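The values are calculated or read from the model by the stated rules, or taken from the named source; none is laboratory data. All figures in this text were calculated on a predicted structure; none of them were measured in a lab. Note that each Cβ is placed from the backbone with ideal geometry, even for glycine, and that neighbours are counted across all protein chains shown. With ligands, DNA and RNA removed, areas are computed over all heavy atoms of the protein, side chains included. Shrake-Rupley method; radii C 1.70, N 1.55, O 1.52, S 1.80 Å.
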Amino acid sequence: MPLKQLNIQHIRNLASVSLNPLSRINILYGDNGSGKTSVLEAIHFLGLTRSFRGNQFRHLVQEGQAQALVFAQADPMGQGQCRPLGVERSLEGDVRARFAGQNLGATELAGLLPLQVINSDTFDLLDGSPGVRRQFLDWGAFHADPAFIQYWRGFRRALKQRNSLLKCGKIDPRVRKVWDAELIQYAERMTEQRQAYLDCLLPEFEAAMSALLQGLEVRLLFSPGWDQSKGLETVLAESFERDLRQGFTSPGPQRADLRFKVGSLNAADRLSRGQKKLVVSAFRLAQGALYHRLSNRACIYLIDDLPSELDERHCRQFCEFLEASANQCFITCVEPSLLSRIWQPETDVALFRVESGTLTHKGAPGDQT
Ligand SMILES: Nc1ncnc2c1ncn2[C@@H]1O[C@H](COP(=O)(O)OP(=O)(O)OP(=O)(O)O)[C@@H](O)[C@H]1O
Ligand SMILES: [Mg+2]
């Protein structure tokens, strides 16, 4: 279990709260506006130095405060040994992350705590732009092989350079050849890794789907961003005149997409709201299951308002899947009656009541009065 204790300071309405001890399944319940999602944001901040809600860091910091701070006792590698992990960030822009007495860079920190968020924005996996789907895919490709980030960065650099040359409207063919060669090399590596990741993910996705939502066949189709039967060099040469007119490169992994299909239709156009939630959750859970299979490490799931959109049967199936997984879960809900009674007695579950920015540890579900 990655997190054993958590202390949060100056995040939204949470002035200073601690969650101690943490369990494998942690349920946070309370009224609207009490601070449940803020706790999830604090854990996300601990792993990635930012929230999953909005891009503006200043919105996350408690009003009137100059910095946010989250620290934990953590065992991210599952070695049975807890060490201090802390992240602080000020409104001025200073970010500091430390683990076991050592400073960490952003990439090291992201590799330390693999986080998966399931909230209303997760619907974007079906309803949103291809860019959102690429992020989901790239999360997995990065965690499956950290070298992915180098290919990704190399590709972005080459693409930016090529696009700025295209914008000038004239390119020396020798310069173009150099940048094309670099772009193609990174594009191919990146795409191989995306494809390899997806191949490994598919059986996990099918398993999660059959646990969460029986009787619905959802197919995942990867489109790499160009016609692979021709090769990227040919495709770039064919689209060069058009790209020059447009001022940017059209084909390539920056156009990759992951399509979710039900029959011949896009899942976004075909499924009900609850079905969509279960499909995007199955995808997220499959990513965690694959991550665990490849690295033997657990993910941290931040699941905001798990029961919303779901009937009792599907809610139970969702929880059973979490229970059988290795993940550490932080689950919020307004009304705890269902989520406090559906776990097996041997599952390590803790309930926390959230009230106006304060947290009370209510023990295991059976301890409730
Ligand atoms: N920067 C901030 N400083 C102080 N308080 C804030 C800040 N940003 C938001 N809040 C307040 O923090 C509270 C907690 O918000 P949060 O979204 O965590 O509630 P919640 O328990 O998830 O509610 P819901 O059930 O409606 O989703 C809200 O009352 C909100 O108005
Ligand atoms: Mg909320």
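Assorted remarks:
- Acute angle (nearest 10 degrees) that the helix 130-144 long axis makes with the longest principal axis of the chain, alpha-carbon atoms: 70
- For the chain, the solvent-accessible area of protein heavy atoms averages 46 Å² per residue (probe radius 1.4 Å; ligands and nucleic acids excluded).
- To the nearest ten degrees, helix 148-168 and the longest principal axis of the Cα atoms of the chain are 50 degrees apart.
- Computed over the range 167-269, relative contact order equals 35 percent, with contacts defined as Cα pairs under 8 Å that lie 6+ residues apart.
- Radius ratio Rg over Rh of the range 236-369, counting only Cα atoms, Kirkwood formula for Rh: 1.15
- Cα centroid of the range 225-240 to Cα centroid of the range 48-92, whole Å: 43
- Rounded to the nearest 10 square angstrom, GLU192 shows an accessible area of 100 square angstrom against a 1.4 Å probe.
- Label positions at GLN65 and ARG174, each projected 7 Å from the Cα along the C-beta direction, are separated by 5.9 nm.
- For LYS362, the residues 5 or more places off, or on other chains, whose built amide H falls under 5 Å of its own are LEU351, PHE352, ARG353.
- Using the Stokes-Einstein relation with a Kirkwood hydrodynamic radius computed over Cα pairs, the translational diffusion coefficient of the range 113-244 at 20 °C and a viscosity of 1.002 mPa s comes to 126 µm²/s.
- Nearest-0.05 FRET efficiency for HIS361 and GLU238, computed from C-beta distance (R0 56 Å): 0.35
- Rg/Rh for the chain (Cα atoms only, Rh after Kirkwood) is 1.01.
- For the range 84-158, alpha-carbon Rg relative to the globular expectation (2.2 N^0.38 Å, N residues): 1.33
- Straightening the chain between ARG316 and CYS200 buys 39.1 nm, computed as 0.36 nm per residue apart minus the Cα-Cα spacing.
- Surface accessible to a 1.4 Å probe, CYS200 within the full protein complex, Å²: 50
- Using a probe radius of 1.4 angstrom, the carbon and sulfur fraction of the accessible surface of the chain is 47%.
- Residue list for the range 273-315, given a label point 7 angstrom along the Cα-to-Cβ vector of ALA207 and an amide N cut-off under 13 Å: 285-296
- Extension gain for ASP257 to ARG245 (0.36 nm times residue separation, less C-alpha to C-alpha distance): 1.9 nm.
- Per-bin percent of Cα-Cα distances, the range 166-318 [10 Å]: 9, 30, 26, 18, 14, 3, 0
- Column: log10 I(q)/I(0), Debye, Cα scatterers of the range 305-344, q = 0.18, 0.24, 0.27 Å⁻¹: -0.46, -0.83, -1.05
- Helices in the chain, meaning DSSP H runs of at least 4 residues, each add -39500 (n - 2.57). Divided by all residues, the mean residue ellipticity at 222 nm is -13500 deg cm²/dmol.
- The candidates THR191, THR358, arranged from most to least accessible area with a 1.4 Å probe in the full protein assembly, appear as THR358, THR191.
- According to the Cα-based calculation, Rg over Rh for the range 1-137 is 0.96, with Rh computed by the Kirkwood formula.
- The count of lysine pairs in the chain with alpha-carbon distances below 19 Å, taking only pairs 8 or more places apart or on different chains, stands at 9.
- At q = 0.16, 0.17, 0.18 Å⁻¹, base-10 log of I(q)/I(0) for the range 1-67 (Debye sum, equal scatterers on each alpha carbon): -0.53, -0.60, -0.68
- Ranking LYS230, LYS277 by solvent-accessible area of protein heavy atoms (1.4 Å probe, all protein chains present), from largest to smallest, gives LYS230, LYS277.
- In the chain, Cα pairs under 8 Å separated by at least six residues give a relative contact order of 26 percent.
- Enclosed volume per residue, in Å³, of the convex hull spanned by Cα atoms of the range 237-292: 152
- Length gained when the stretch GLU192-SER18 is fully extended (0.36 nm per residue, less Cα-Cα span): 58.3 nm
- Estimated FRET transfer efficiency (GLN79, THR107; beta-carbon r; R0 25 Å; 0.05): 0.75
- On the beta carbon distance between GLU217 and ASP305, with R0 = 41 Å, the FRET formula returns roughly 0.90.
- A 1.4 Å probe, protein heavy atoms only, puts the accessible area of HIS361 near 80 Å².
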